[in-house]
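My questions will all concern the structure given below.
The values are calculated or read from the model by the stated rules, or taken from the named source; none is laboratory data. This one's a predicted model, so the numbers in the text were calculated from it and none came from an experiment. Note that each Cβ is placed from the backbone with ideal geometry, even for glycine, and that neighbours are counted across all protein chains shown. When the accessible area is computed, the model is the full protein with side chains, heavy atoms only, and any ligands, DNA or RNA have been set aside. Shrake-Rupley method; radii C 1.70, N 1.55, O 1.52, S 1.80 Å.
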Amino acid sequence: MTDPELSPAAPGHPELSPVTPAGHAEPSPAAPGGGTEPVIVRALVARGSGAELRVERVRLPAPGPGEVRVTIRAAGVCHSDLSMVNGTLAARFPLVLGHEATGVVAEVGPGSQLTVGTPVVLNWAPACRACWWCRRGEPWLCADTTAPTVPRGETDDGVPLHLTLGLGALAEAVVVPERAVIPIPAGLPPEQAALLGCAVLTGVGAVRNTARVTPGESVAVVGLGGVGLAVLSAARRAGATTILAIDVAEAKRDLALAAGATDFLLSDDRLSKEVRARTESRGVDHAFECVGRAATIRAAWRLTRRGGAVTVVGMGAKDDMVSLGALDIFHSARTLRSSVYGSSDPDREVPVLAAELADGTLDLGVLVSGTVPLDEAPAAFDRLARGEGARWVVTLD
């Protein structure tokens, strides 16, 4: 079913309300020029590492100079969010989760060039455009990269709040710098458009920008979450002829084949032999590791032919060390590299992906395992932790 066109006042999305001194909500229109009062919204909050996730009321500031308030339409449940609360990544609490989302500009601060009502995708790594990396055309390595958690707003009981990757997108609204939003065409399905800002850009960019897969090459993808499935789809569109999808869960088979894999393999002790049996005993030209663990990085290394390339897309823990033999590195002539945010420039590439989604060239339906309301977001995180499905998306209509 096609979702209704993105609009600043979609059904079920009453305008958010400013906080009065007594803490009660009063009606407030979304208007250009910036407000003066904070707003109360509902958001998914983690109070500590390993703590139960809860939907709480939080206070967000009014947009300041160069900032916008975005009413969220849909937000993906990403493994990076899970890593914030399970201790894999350092985080500060209480923390609003979420960084992969789409919505509509509801209010603009002084000096903003955006218009109220503009559909947008959030960008968790906006480039400064001035540092050494940005000037040399590598904005994904920007020196001004957003910290894992950024302070902004407060909980309903007055505790200073932090936002995941400066966004905190699993909420009814966010207040962010204007450069952290990217306009997209109206009318895109929100549950698919949300994925453009993380899973799709990361997976497609890893294939197109980092590995630069060419027609006729062979590919293996280790780990079939939302990003891994996006890699599969991008590899198929790039013309790869052998596309091997690898996971520990047999339940991922149908998803993998629907996304573009030519074969599905379980990750077990026979994996290397199975891959070589399908690649004339050589191994694949490209292996994409989409888990972020030392063990799966080593597995991807073993699946790759001499002279091939391993692209690490998954983000792992800093103390999970990867060990490779010095002779093996020399003799195999393989390349081991990472793909940060798909080696992409989101401001340039998200509009391209959005246009492909709009004209039907890009089909993201297979990536969406289901949609849930905000109140059921904790259960979606439980499914993610169990490895169920591809991407669960929270919708806020």
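Determine, for each peptide in 239-246, 371-378, the mean count of other beta carbons within 10 angstrom over its residues, then list the peptides with the highest first.
For the peptides 239-246, 371-378, the packing ranking is 239-246, 371-378.
For VAL284, enumerate residues with amide H under 5 Å from its amide H, sequence gap 5+ or separate chain, H modeled in the peptide plane.
THR304, ARG305
Rounded to the nearest 10 Å², what accessible area does ARG383 show when all protein chains are kept and the probe is 1.4 Å?
For ARG383, the solvent-accessible surface is approximately 60 Å².
Something else now. So what is the relative contact order for segment 200-359, in percent, with contacts set as C-alpha pairs under 8 Å and at least six apart?
It rounds to 25 percent for segment 200-359.
Assign one of three labels to segment 229-314, namely rounded, prolate or oblate, based on the Cα gyration tensor with a ≥ b ≥ c the square roots of its eigenvalues; rounded applies when a/c is under 1.5, prolate when it is not and a/b is larger than b/c, and oblate otherwise.
Taking the square roots of the gyration eigenvalues as a ≥ b ≥ c, segment 229-314 is rounded.
Further question on the same structure: In the chain, with Lys and Arg counted as +1 and Asp and Glu as -1 at Cβ, which of these residues, ASN123, PRO378, ILE40, has the Cα nearest the positive end of the dipole, that is, farthest along it?
Farthest towards the positive pole: ASN123.
Taking Kirkwood radius over Cα pairs in Å straight from the coordinates, which label in (1) 24.4; (2) 22.7; (3) 21.5 is the correct one?
(3)
How much of the accessible area of the chain, in percent, comes from carbon and sulfur atoms when a 1.4 Å probe is used?
53 percent
Cα gyration tensor of segment 314-353, axes a ≥ b ≥ c as square roots of the eigenvalues: rounded (a/c below 1.5), prolate (a/b > b/c) or oblate?
oblate
Probe radius 1.4 Å, ligands and nucleic acids left out: which of THR118, THR164 has the largest accessible area, and how do the rest follow?
THR118, THR164
Mind checking the dipole of the chain: about its Cα centre, +1 per Lys or Arg Cβ, -1 per Asp or Glu Cβ, Debye to the nearest 20?
Here the chain has a charge dipole of around 1580 debye.
On average, how much accessible surface per residue is there in segment 97-158, in Å², for a 1.4 Å probe, leaving out ligands, DNA and RNA?
Per residue, segment 97-158 has 42 Å² of solvent-accessible surface.
Output ³J(HN,Hα) for segment 255-272: one whole-Hz value per residue in order, computed from phi by the Karplus curve 6.51 cos²θ - 1.76 cosθ + 1.60 with θ = phi - 60°, and x for Gly and Pro.
4, 5, 5, 5, 7, x, 5, 8, 7, 10, 10, 7, 7, 8, 5, 9, 4, 4
Probe 1.4 Å, all protein chains in place: accessible area of ARG253 in Å², nearest 10?
80 Å²
So how strong a dipole does segment 248-333 carry about its Cα centre when Lys and Arg Cβ are +1 and Asp and Glu Cβ are -1, to the nearest 20 debye?
With Lys and Arg at +1 and Asp and Glu at -1, about 200 debye.
From the square roots a ≥ b ≥ c of the eigenvalues of the alpha-carbon gyration tensor of segment 78-161, which class results: rounded (a/c under 1.5), prolate (a/b over b/c), or oblate?
On the way: a/c = 1.82, a/b = 1.13, b/c = 1.61.
Here segment 78-161 falls in the oblate category.
By average Cβ neighbour count within 10 Å, what is the ranking of 83-89, 197-203, 270-276 from highest down?
197-203, 83-89, 270-276
Counting pairs of alpha carbon atoms under 8 Å apart in space and at least six apart in sequence, what relative contact order in percent does the chain give?
Details: 994 pairs, mean separation 67.6, N = 397.
17 percent.
Putting +1 on Lys and Arg Cβ atoms and -1 on Asp and Glu Cβ atoms, find which of GLY226, GLY307, VAL322 reaches farthest to the positive end of the dipole of the chain.
Checking the options against the dipole of the chain, the answer is GLY307.
Given the rule -39500 (n - 2.57) for each run of at least 4 DSSP H residues, summed and divided by the residues of the chain, what is its mean residue ellipticity at 222 nm, to the nearest 500 deg cm²/dmol?
-6000 deg cm²/dmol
Could you give the distance between the Cα centres of segment 145-215 and segment 322-386, to the whole Å?
Spelled out, the Cα-based centre of one part sits 13 Å from the other.
Next up: For SER332, what is the net charge nearby, where nearby means another residue's Cβ is under 12 Å from its Cβ and Lys, Arg count +1, Asp, Glu -1? Present the calculation step by step, with values, prior to reporting the outcome.
Numbers: positive: ARG282, ARG302, ARG305, ARG306, ARG334; negative: ASP328.
Local net charge: +4.
Also: Any idea which of LEU163, SER267, ALA186 is furthest toward the positive side of the dipole for segment 157-297, if Lys and Arg beta-carbons carry +1 and Asp and Glu beta-carbons -1?
Of the options given, the answer is SER267.
Pick from VAL70, VAL104, VAL55: which residue has the top mean-square fluctuation in a GNM of the chain where Cα pairs under 10 Å get a spring?
VAL55
Hey, can you rank 71-79, 342-350 by average C-beta count inside 10 Å, highest first?
The most tightly packed comes first, giving 71-79, 342-350.
Then there is this: For ALA51 and HIS331, calculate 0.36 nm times their separation in residues minus their Cα-Cα distance, and state this gained length in nm to one decimal.
Full-extension gain reported as 96.1 nm.
Let me ask something else. Between segment 36-88 and segment 99-144, how far is it from one alpha carbon centroid to the other, in angstrom?
Centre-to-centre (Cα) distance: 18 Å.
Further question: If DNA, RNA and ligands are ignored and the probe is 1.4 Å, what is the ranking of ASP81, ASP263, ASP397, ASP269 by accessible area, most exposed first? Before the final figure, lay out each step's value.
Values: ASP81 0, ASP263 40, ASP397 90, ASP269 165 Å².
The ranking, largest first, comes out as ASP269, ASP397, ASP263, ASP81.
Right, here's the next one. Per-residue accessible area for GLU172 at 1.4 Å probe radius, Å² rounded to 10?
That residue has around 50 Å² of solvent-accessible surface.
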